[in-house]
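Note sheet for the following structure.
The values are calculated or read from the model by the stated rules, or taken from the named source; none is laboratory data. These numbers were taken from a predicted model, which means no experiment stands behind them. So basically every Cβ, Gly included, is an ideal-geometry build from the backbone, and we count neighbours across all protein chains shown.
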Amino acid sequence: MIDVLHRFVAKIFRDIFRRKKHFKLGLYGPPNSGKTTLANRISEDWLGEKMGSVSRIPHETREVVVKEQINIKSGKKELTFNLVDTPGIATKIDYEDFVKAGLSTKKAKKRAKEATKGVIDAIRWLDDMDVVVVVLDATQDPYSQVNITIIGNMQARDTPVLVVANKVDLKKADLKKVQSAFPQYDVVGISAKFGTNIDKFYEALFALVG
């Protein structure tokens with residue numbers, strides 16, 4: 001019965017997307033999962049330009065960034081959307097963590113304040129998202145409180161979701177564990193940094209909304 005309901009809801013969403021000329025696609029996930037790296041990959045693939053800067057220090061993206069009018073193609077199929085890169089979702093932000101990462105106390109406190117505001121803004125933007133790609137670090141435990149909170153928010157809104165298990169190029173990556181954690185969604189393993197399986201990502205996106 002659940003599978004029948006799921007297919008029915010999916011069909012409704014596909015019909016809506018066919019009628020809409022454009023939609024908003026949001027990239028969500030915990031800090032340093034690779035959201036901006038994926039955003040840059042998509043933007044470079046189809047617009048020839050980067051979307052944002054990345055860093056080893058968490059919360060490099062602290063404001064919602066939008067790239068409009070991205071048009072991707074696969075055979076005769078086309079999708080046009082506004083890509084929304086959001087700050088990493090975190091349940092706790094401590095400026096001392098940034099100090100440990102090498103920032104001065106002043107810069108660390110400023111970054112923590114901006115990161116906190118970024119998380120709030122990202123959650124607010126959820127209501128505007130037509131589709132969400134949840135980007136997870138495949139080397140980390142997918143059962144974290146942050147990940148469960150993100151997925152829970154999507155389910156509460158009935159938002160179409162594609163889960164991306166990023167960083168599969170690393171030895172510690174465990175795609176099957178991510179798939180087991182969220183069996184209700186399609187999970188695609190990629191390396192946004194190196195472009196590994198990026199074609200499969202686009203195919204899954206078309207399957208979700210095409």
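Figure legend. Inter-residue proximity from segment 170-182: first residues closer than 21 Å to LYS193 by Cα, second residues surrounded by 15 or more Cβ atoms within 10 Å (Cβ to Cβ) and charged (D, E, K, R), beta-carbon distance below 7 Å, spacing 6+ or different chains. Indicated pairs: ALA173/LYS167.
For segment 171-179, the count of residues that are in a strand (DSSP E or B) and surrounded by 20 or more Cβ atoms within 10 Å (Cβ to Cβ) is zero.
Selection over segment 22-51 of residues that are farther than 20 Å from ASP199 by Cβ and of a type in the set (Ser, Thr, Tyr) gives a count of 3. For segment 33-63, a tally of residues being at pLDDT 90 or above and either in a helix (DSSP H, G or I) or surrounded by 18 or more Cβ atoms within 10 Å (Cβ to Cβ) (or both) returns 15. Looking at segment 188-199, is at least one residue assigned to a helix (DSSP H, G or I), more than 18 Å from TYR28 (Cα to Cα) and free of Cβ contacts under 8 Å to residues at least 60 places away in the same chain? Yes, segment 188-199 contains at least one residue that is assigned to a helix (DSSP H, G or I), more than 18 Å from TYR28 (Cα to Cα) and free of Cβ contacts under 8 Å to residues at least 60 places away in the same chain.
Here's the yes/no breakdown for (1) modelled with pLDDT under 90; (2) crowded, with 20+ Cβ neighbours inside 10 Å; (3) within 14 Å of the chain's Cα centre (by Cα); (4) closer than 19 Å to VAL209 by Cα:
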{"position": "GLY75", "(1), (2), (3), (4)": "yes, no, no, yes"}
{"position": "GLU96", "(1), (2), (3), (4)": "yes, no, no, no"}
{"position": "THR105", "(1), (2), (3), (4)": "yes, no, no, no"}
{"position": "VAL135", "(1), (2), (3), (4)": "no, yes, yes, yes"}
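Just to be sure, is VAL161 under 23 Å from ASN40 (Cα atoms) and touching a Phe, Trp or Tyr at 6+ places or on another chain (Cβ under 8 Å)? Against the criterion (under 23 Å from ASN40 (Cα atoms) and touching a Phe, Trp or Tyr at 6+ places or on another chain (Cβ under 8 Å)), VAL161 qualifies. Can you name the number of the only condition in (1) over 19 Å from ASN40 (Cα atoms); (2) free of Cβ contacts under 8 Å to residues at least 60 places away in the same chain; (3) not in a helix (DSSP H, G or I) that LYS107 fails? With respect to (1) over 19 Å from ASN40 (Cα atoms); (2) free of Cβ contacts under 8 Å to residues at least 60 places away in the same chain; (3) not in a helix (DSSP H, G or I), LYS107 is out only on (3).
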